[in-house]
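The structure appears below as structure tokens.
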Amino acid sequence: MVEQLFGSKTRVKLLRLFYSNPNRSFYVREITRKIDEQINSVRRELANLLNIGIISSDTTDNKLFYEVNQKYEFYDPLQQIFGGGVTASTAAKKSAKTTKTAVVADVDEDIRALGNVHLLLYTGQFTRDESSGIDVLIVGDINPTQLNKFISGLEEKEGKELRYTHMSPSDFHYRREVKDRFLSNIMSSKKQVLIDQIIKEG
């Protein structure tokens, strides 16, 4: 049904990928691998989405990256359809450096296995913002064995080595209170928030 409304299966897969990952940048071959479609079809639909203004592109290290355009006039309704319903009403739009805060209802089993996760976000290589110095931040009461398993699985899925930091909720709150530079750099970086049960607490 959705494919009929939006014209093609590849286009729908692309929209789901981009709207489920605000602030996340992807290059063509990565997109092709993630949505399991032919590269020519992907290139054609990317060109269409760029032309409409739904996505934007940028070049880094001779690679062309694409990400969803959060300033697109129909961003919120499309987010409701393709991104799990996270809109401006549930997450304030800030600057281009921030992300829409998404509390993921249907949490991946690998994340669930970690323990009591208060905050999980991607930055660094995921968003092409190296100001944070890391790629993954996890805050919570976490099982160390499951954490290693989760990071290894994520590295295998992404095809690259990732830098990650784990903090307890009390450590996170203390660092935020004293305006710890490391944490401040992470929180001001461009990021994709997968789970947030801590930032919004203030």
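Key figures
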quantity	calculated
In the stretch 61-72, residue farthest from V193 (Cα to Cα) [restricted to those that are part of a loop (DSSP other than H, G, I, E, B) and of a type outside the set (S, T, N, Q)]	D61
Any pair with Cβ under 9 angstrom, 6 or more apart, that starts in the stretch 149-171 at a residue that is closer than 19 Å to S132 by Cα and not assigned by TED's automatic domain parsing to the domain that holds R29 and ends at one that is among the basic types (K, R) and assigned to a helix (DSSP H, G or I)	M167/R175
Helices (runs of 4 or more DSSP H) fully within the stretch 128-202 counting 1 or more residues that are surrounded by fewer than 13 Cβ atoms within 10 Å (Cβ to Cβ), at pLDDT below 95 and within 16 Å of the chain's Cα centre (by Cα)	144-158
Residue that is nearest to P77 (Cα to Cα), among those in the stretch 1-60 that are in a helix (DSSP H, G or I), under 22 Å from the mean Cα position of the chain (by Cα) and of a type in the set (F, W, Y)	Y19
Cβ-Cβ under 6 Å pairs, at least 6 apart or on other chains, the stretch 99-119 side among the charged types (D, E, K, R), far side modelled with pLDDT of 80 or more and part of a loop (DSSP other than H, G, I, E, B)	K100/P22
Which listed residue is in contact (Cβ under 8 Å) with a residue 40 or more places away in the chain, within 25 Å of G159 (Cβ to Cβ) and not aromatic (F, W, Y), from L46, L50, L15	L15
Any chance R43 is surrounded by fewer than 15 Cβ atoms within 10 Å (Cβ to Cβ), among the charged types (D, E, K, R) and touching a helix residue (DSSP H, G or I) at 6+ places or on another chain (Cβ under 9 Å)	yes
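The values are calculated or read from the model by the stated rules, or taken from the named source; none is laboratory data. Keep in mind that this is a model prediction, so the values were computed, not measured. For neighbour counting, all protein chains shown are included, and Cβ atoms are generated from backbone atoms with ideal geometry for every residue, glycine included.
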